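Please find one structure pasted underneath; my questions will follow.
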Amino acid sequence: MIVFRYLVRLLVPSLLVGLVGCGGQLSVQPSYEGTSAANDIGPAASSQRTGGGEEVPDSLPLEVAVLPFDPNIPENPEDLEKFDIWPELRRVESNRFALILKSTLQATNAVGRVRVVPGNEATADLYVSGTILKSNGEDVEIRVACKDISGRKWCDRKFEHRVHEEFYRDLRNQDKDAYQPVFDAAAKYIVSTLRKRDAAHLRDLPTLKEIRFGNSISTETFGQYLDYKASHVDLAALPAEDDPMLERIRMIRIQDQLFVDRLQSHYEDFDYRVDDSYRAWQEQSLQDVKALRKLRRKAGMQKFFGSILLGLAAYGAATSDSQADTVATTAALAGGLLTLESGFQNSNKAKVHRDAINELGRSVDATVAPHVIRFEDESRELNGTADEQYRQWITLLREIYLLEETPQVQL
């Protein structure tokens with residue numbers, strides 16, 4: 001019992017006074033990993049060679065397509081709360097992250113034109129897809145993968161970054177996104193990997209791109225020039241340079257590029273309208289996540305030591321043989337209950353911060369509700385999402401191609 005009284009005297013005062021400021025190690029919540037972007041890339045058929053030894057130049061006029069990021073929204077509703085995921089917010093980030101990566105890649109001057117494209121069927125030399133693994137204002141984690149128009153996959157890596165409060169205190173960061181470092185790292189990785197590719201293969205990509213686009217408009221004409229393997233596609237042959245069908249496809253391809261260029265203003269306008277709300281969410285969520293983690297840690301420590309004191313009280317009640325033991329038991333019981341109560345109070349405060357984060361998520365949801373965009377052509381109006389409109393656009397290009405192919409016969 002001497003040991004018991006000693007422990008009570010040692011623990012009760014320090015727990016009742018010292019736990020208010022207790023600290024601990026940083027605990028990072030696990031991120032939810034879902035399915036990444038679809039494997040099939042490049043324009044679909046209308047009917048449904050590498051060299052070696054050459055050094056890749058520092059800059060290549062290759063056309064790069066950045067797909068909207070996979071928002072990685074779990075199907076189980078319980079996982080939404082578990083991993084702090086708000087579906088509409090993730091859908092905003094799907095487009096926003098693609099735009100940031102596009103701008104970052106373009107700024108490297110290592111490639112040609114970089115565009116955000118609505119889906120896998122858009123035509124480009126290189127395709128970059130991403131998946132959002134985590135984003136809570138403080139921690140961001142993404143996965144980025146690359147393929148070329150042949151379907152060969154040549155990069156796949158995760159990137160993460162933790163935002164510090166100092167970022168918002170620095171006036172020089174006023175026009176910067178807090179997540180920018182993770183996209184800087186991803187763009188640097190993509191460019192470094194690109195420069196390791198075979199130069200002859202990279203030079204062939206624009207030609208393969210042209211033929212695959214032709215195949216998406218007319219498989220009957222251009223399918224013969226492609227050799228589809230299990231995991232990629234190669235050129236089987238080439239049409240004559242003065243082939244009239246090839247000339248027509250090149251003219252249609254220009255119209256396709258103009259259409260995708262028009263889509264860029266849609267993505268940029270969408271991001272401009274949500275920018276203020278999203279940046280406010282990032283900054284406030286950083287504070288809330290830090291406070292939430294601190295309160296959870298504090299509440300957990302208080303509950304742990306409160307349980308120890310209650311255990312000591314139970315032991316003392318069962319073995320007490322003097323008035324001193326009884327006093328010690330009473331002190332342990334009171335201290336344990338008070339410590340546990342304080343722990344539960346901090347748990348309730350943590351819930352308040354969680355509710356605040358949820359409310360911020362809902363406010364952004366309301367700001368970025370889906371909307372309809374329209375592009376008018378001479379013969380029809382295209383409606384729906386960017387991906388839906390692009391599919392309608394390719395269908396229209398096929399119809400135009402077939403209409404031009406059929407000679408008008410005077411009756």
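Mind scanning 153/176; 82/176; 158/196; 134/209; 134/290 and naming the pairs with a C-alpha gap bigger than 24 Å?
153/176; 82/176; 134/209
Follow-up question, since we're still on this one. Of the peptides 147-154, 386-393, how do they stack up when ordered by the mean number of other Cβ atoms within 10 Å, highest first?
Descending packing order for the listed peptides: 147-154, 386-393.
By what distance, in whole Å, do the Cα atoms of region 217-295 stretch along each of the three principal axes, largest value first?
Ordered largest first, region 217-295 gives principal extents of 69, 32, 17 Å.
May I pose another question? With a sphere of radius 12 Å drawn around the Cβ of residue 265, what net charge do the other residues whose Cβ falls strictly inside it have (Lys, Arg +1; Asp, Glu -1)?
Net charge around residue 265: -2.
Still on this structure, please answer the following. Taking the mean number of other Cβ atoms within 10 Å as a proxy for protection, how do you rank 159-168, 281-290, 130-139 from highest to lowest?
Result, highest mean Cβ count within 10 Å first: 130-139, 281-290, 159-168.
Values in this text are rule-based calculations from the coordinates and carry no lab data. Since this is a predicted model, take the numbers as computed values, not measurements. When we count neighbours, we look across all protein chains shown, and the Cβ atoms used for this are built from the backbone with ideal geometry, even at glycine.
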